[in-house]
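Have a look at the structure below before the remarks.
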Amino acid sequence: MVSERGGDRALDRALVFFLPLLVLVLLVLWPGTVAMHRPIYEACSTHIIVPGKKGEIGIPGETGVPGKPGQIGPLGTKGCRGENGEKGEVGRLGKIGPVGAKGDEGRKGEQGLLGVKGEQGIPCDCDKMRKVVGELDITVEKLREQVHFLKSAVVGMIESERRLYLLVREEKRHAEAQKHCEERGGWLAMPHDEVSNELLASYVTRAGLTRIFIGLGDERKEGKFSYVDGSSLGAYSRWRPGEPNNLLGNEHCVEMMSSGGWNDVDCSQGLYFVCEFKKLDTWGV
Ligand code: GN1
Ligand code: CA
Ligand code: CA
């Protein structure tokens, strides 16, 4: 038994030593291995190289790096309408609107309380008051007569119900005559009707004159006559036969003859004239 066990051990040692050596020798002597170590020029010179058989499918490669971003896509379709938002806060007050139409008249209010009793009055001495008023009337009438005397006899004015007229015995061109009247608060006389025209005509006649300037002309537009206050010649006129004729194309002012007839004349000639003044209420005295 002991000798059998010793023989086994020797065999084990021999296998451990020689088996690897044997494997090494076989590897070196193996024809493929030898061919692998042959120089290439040697193989090319002695063999025709033909493609080998298609290999087997390789194992899948590793996951690659992420690709570049793609191009922007086309516009998407309109989305569905969203839900209503929450109710906002109350806005500021708007501007005041236009004034409305006047409302109906309201009902009459109730009668107020009685006022406080007034102080006792002074007894009226009516006879004495009437006497004073009567004396004042007489004074006013005397003043009226005196004013009339001053206007007509001293100043030389004439008057109608609403106008005063003053003859100015100074030869002036039409524009200067108007200026003279204006500086005294009036205008060159503007007869608008037969009554005032006749009054002026008699005024001229009594003064022993033939003609005077009146406040009428067509300086702004030929043939379109207007008064010096800017008003247009109305329905009334007293042109002499054949007038206005705009003689020599240079007659744009108007004279009144003692007959009352009108004629257009050269504005630059010198003539006496009549000023007209509106009567103030206080002038009625
Ligand atoms: C002529 O002759 P007398 O002075 O009345 C003329 C008027 C002129 C004026 C110029 C019928 O009037 O048109 O404006 O001379 N009368 C006629 O001074 O031609
Ligand atoms: Ca004219
Ligand atoms: Ca004329």
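Results, tabulated for the structure shown:
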read-out: The stretch 156-278 - share of DSSP beta bridges that are antiparallel (%, nearest 5); value: 90 percent
read-out: Intensity falloff of the stretch 156-278 expressed as log10 I(q)/I(0), Debye formula with alpha-carbon point scatterers, at q = 0.09, 0.14, 0.16, 0.19 Å⁻¹; value: -0.20, -0.51, -0.68, -1.00
read-out: Cut-off under 5 Å, modelled amide H: who pairs with residue 254 long-range; value: 214, 216, 265
read-out: Surface accessible to a 1.4 Å probe, residue 196 within the full protein complex, Å²; value: 20 Å²
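The values are calculated or read from the model by the stated rules, or taken from the named source; none is laboratory data. Here the structure is a predicted model, which means the values were calculated and not measured. The area values use the complete protein model at the heavy-atom level, side chains included, leaving out ligands, DNA and RNA. Shrake-Rupley method; radii C 1.70, N 1.55, O 1.52, S 1.80 Å.
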